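Below is one structure; the comments refer to it alone.
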Amino acid sequence: MNGVGLERLGPSVAELVLSEVEALPQDLGRIEGIILAAGASSRAGCFKMELPLGDKTLIERSIDGMSCVCSRIVVVGGFRVDRVRELLGSYANVEVIENENWRNGMFSSVQLGAASVISDRVFLLPADIPLVPPAVYVRLLAEEGEILVPSFKGRRGHPILINKSVCQEILSEPKDSSLRNIIRRIGFKAVPVVHQEILIDVDSSSDFDSIVTHLRELNATENAT
C-alpha cells in the first residue's frame, strides 16, 4: 500500500489518511478492490455511473475511497461499459472488465471480479455507494477474519472485505446463487465504524439529491476544520 490516489482526496484528508495507512501492520499483503458497476440503473432513470457529485462522477467517488489502500481496483462493467472506461481513463491502478452477462444479476459480476483476484484480501463495493471514506477501508484492514462487514449503529453496510479463500467459494458457487448465501454459510465479523456513508446508496433520483446534500455538508465540515 503506497498511498496511490491520495492526491485525489485533497491535501488535508490525504494527510490524515496517509497517517492511518502507515499505522497499519506491514504484513497485510497485497490488497485489491472490486467495484460492481454493471447494472442498467433502471430505477434511477439515468446512467448512475456518470452522475456528478461535486467535481467528480459517482463512479470516481466510489473508486477514490479505496484507492489509497488498494494496489489494483477491478471495475466490473456491463451496461454502457465503454462509457465507464471513458470515465476512468485517468486512473492508473484501475482495470475495467466487461460482464457480458450482466443481465443475469449482480452475482455474475461478483464471480467475474473474484476470478480476476490475485491478492490475499479484496474489498467488494457496489458502485452506487459512492461516499465511503478511506477511514472505513483502513478500519477493516486492521481486523482479521474471512469476511468483514462494516456496521453503523448496528446496521451492516459496504464495502465488505474478504480473503482469497472466500473468492474460491464464490467461484465454486452456482451461478444462480448470491453473495448473501455465501456470507450466511461462512459467517462474518461485523466491524463497527462511525461513518454512516457505508449505508448511503443511490437507487433513485431522490437518493441522488440526498447524497448531493450530504456531500455538501461533508465538504463544509472539512473546510471548517
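Since every read-out is calculated from the coordinates, none of them should be taken as a lab result. Computed from a prediction, not measured in an experiment: that's the story for all the values here. In this analysis, Cβ positions are derived from the backbone assuming ideal geometry, glycine residues included, and neighbour counts consider all displayed protein chains.
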- Mind checking the full-extension length gain between VAL194 and SER151? Use 0.36 nm per residue of separation minus the Cα-Cα distance, one decimal, nm. 14.6 nm
- Which residues qualify? For ARG72, with a placed amide H closer than 5 Å and at least 5 residues away or on another chain, they are GLY33
- Query: What is the spin-label model distance, in nm, from SER177 to ARG30 if the labels are put 7 Å beyond Cα along the C-beta direction?
  - Reply: 2.5
- Message: Could you tell me the calculated FRET efficiency between LYS56 and GLU98, based on Cβ-Cβ distance and R0 = 35 angstrom, to the nearest 0.05?
- Response: 0.95
- Quickly rank 181-189, 138-146 as a protection proxy: mean count of other C-beta atoms within 10 Å, highest first. 138-146, 181-189
